[in-house]
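No value in this document is a laboratory result; all are computed from the given coordinates. The shown structure was predicted, so the numbers you read here are calculated from the model rather than taken from an experiment. Here the Cβ is made from the backbone with ideal geometry for all residues, glycine too, and neighbour counts use every protein chain on show.
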Amino acid sequence: MHKISTYSEAQEYLYAQLPMFQKEGKAAFKPGLDNIRLLLAALGQPQNQYPSLHIAGTNGKGSTAHWLAAILQAAGYRVGLHTSPHLKSYTERFKINGQPIAESEILAFVNAFQPLIAQVQPSFFEISVAMAFHFFARQAVEVAVIEVGLGGRLDSTNVLERPELSLITNIGFDHMDLLGDSLAKIAYEKAGIIKPGVPLIISEKHPETEPVFRLVAKAQQAPLFFSEEHFAIAPLSDEKIQIWHQAQPYLPPLVPGLAGAHQHRNLKGVLQAVEVLRGKGWNISPQALQQGLSEVVERAGLKGRWQVLASSPLTVCDVGHNEDGLRAIQALLARQHYEDLHLVLGFSKEKEVEKMLAIFPPEARYYFCIFDSPRALSLEDLQILADKRKLRASFWPDVNQARQAAQISAKKNDCIFIGGSTFVVAELDDL
């Protein structure tokens, strides 16, 4: 095997040789756990060397995973965090106490295991998951927070046989070509992470998905917690909230590190997870919980969730990329005070873009763009959709040019929002 001498070469090797969902979409998805099991057996089953928390869901799983990591860090634990996709650097997928993996670690892994990769022929995601488990074992983490990539049942992370808990944030319509065309079918795929006897937390109760979770949890004899039955959140102001647990104040009023009513749903699941962990003997003080909730961005290194890039005009980006995610963003936009709204948007072509566009106000000014991937919806298709909705729209070859056009047009009391796709946000120069 050719020895790879630099990190950029190692990255090219991973991207070029292995199908990557981030770039190729459905064609790169390899359902089933055979490959990841072969990889992990060759690596000495690193995923069994520390306790893990397993997080699935349509929306909110990244926010939830970062919140739990931040809380456990504040409680004094050495915490591994594996999430996807990355925004700026592949190293972001692998963090310990908020710090991304060193590029030298990725280079060493690729050089050490090229023969294994050639033998197994895993997908890009499978090799990333194996690398995460391996890295966390080498770095002796005390707990790992593992975010599901897609679905649950057939996701590569689903080799975790005895996590401390499983958490499913919510079920919405996304990746329907892979997971099913009803909420119940999608819920069944997510419910694949439920393990025998392992506590299951559901952040958001829904009449179509609740029976699925009850059925699978009962079959697996997994204790089941619908977090909204135990926790309530009352807004005290635009930012500050009061958390209630069983009708009693749970913590002093606080400003959570992630904004928006949609994050309150995620927050209830996080709080229920903390209660389950405390019941298992984990030492998480009220002070550590409050610090983790408030300081999630700083402690866990979270980007792209209602992230303010500039204040005049107010310029915000968010990685929400399906109907539910964009509704949550529009609810946040509606709470802002501005004269005119400028929307810098790009979309993946497998999404239901017409429905997503209908969420935003038609009177806004639109700046459509594409991103550097075969999955990007073309400017021609975007123009057809814009014409159909009679939008004031311009069209740009990348997000930074679109943003610059919005900045030139916007007055200081206006608002600029950038999003529609994780990949649009990832290509911002100043993220």
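The table that follows gives values for the structure above.
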quantity: Computed label-point distance, nm, for sites Lys240 and Arg389 using a 7 Å Cα→Cβ extension; calculated: 3.7 nm
quantity: Span from the the range 188-233 Cα centroid across to the the range 264-324 one, whole angstrom; calculated: 21 Å
quantity: Fewest-first ranking of Glu239, Glu142, Glu189, using other Cβ atoms within 10 Å as the exposure measure; calculated: Glu239, Glu142, Glu189
quantity: Tensor-based shape of the range 292-366 (alpha-carbon gyration tensor, a/c under 1.5 rounded, otherwise prolate or oblate); calculated: oblate
quantity: Eligible aspartates and glutamates near Lys61 by straight Cα distance, threshold 17 Å, same-chain separation 8 or greater; calculated: Glu92, Glu147, Asp155, Glu164, Asp174, Glu189, Glu204, Glu228, Asp318, Glu323, Asp324
quantity: For the chain: rounded, prolate or oblate by the Cα gyration tensor [a/c cutoff 1.5]; calculated: oblate
quantity: Point-charge dipole on Cβ atoms (K/R +1, D/E -1) for the chain, about Cα centre, debye to 20; calculated: 640 debye
quantity: Positive dipole terminus of the range 211-282, leading residue within Ile243, His264, Val274 (C-beta point charges); calculated: Val274
quantity: Furthest towards positive pole of dipole, Leu224, Asn322, Ala187, structure part the chain, Cβ charges; calculated: Leu224
quantity: Exposure proxy ranking, count of Cβ atoms within 10 Å, fewest first, for Glu229, Glu204; calculated: Glu229, Glu204
quantity: Length-normalised contact order for the range 307-426 - Cα pairs under 8 Å, 6+ apart - percent; calculated: 41 percent
quantity: Relative contact order (%) - the chain, alpha-carbon pairs under 8 angstrom, separation at least six; calculated: 16 percent
quantity: Burial ordering of Tyr13, Tyr367, fewest other beta-carbon atoms within 10 Å first; calculated: Tyr13, Tyr367
quantity: Residues with amide H under 5 Å from that of Arg375, placed H, sequence gap 5 or more; calculated: none
quantity: Only Lys, Arg (+1) and Asp, Glu (-1) charged, at Cβ; the range 78-127 dipole about Cα centre in debye; calculated: 160 debye
quantity: Alpha-carbon centroid distance for the pair the range 337-372 / the range 391-415, whole angstrom; calculated: 11 Å
quantity: Environment charge at Leu267 (Cβ cut-off 12 Å; Lys +1, Arg +1, Asp -1, Glu -1); calculated: 0
quantity: Helical contribution to [θ] at 222 nm, DSSP H n ≥ 4, -39,500 (n - 2.57), averaged over the chain, rounded to 500; calculated: -11500 deg cm²/dmol
quantity: Within the chain, percent of DSSP bridges classed antiparallel, to nearest 5; calculated: 35 percent
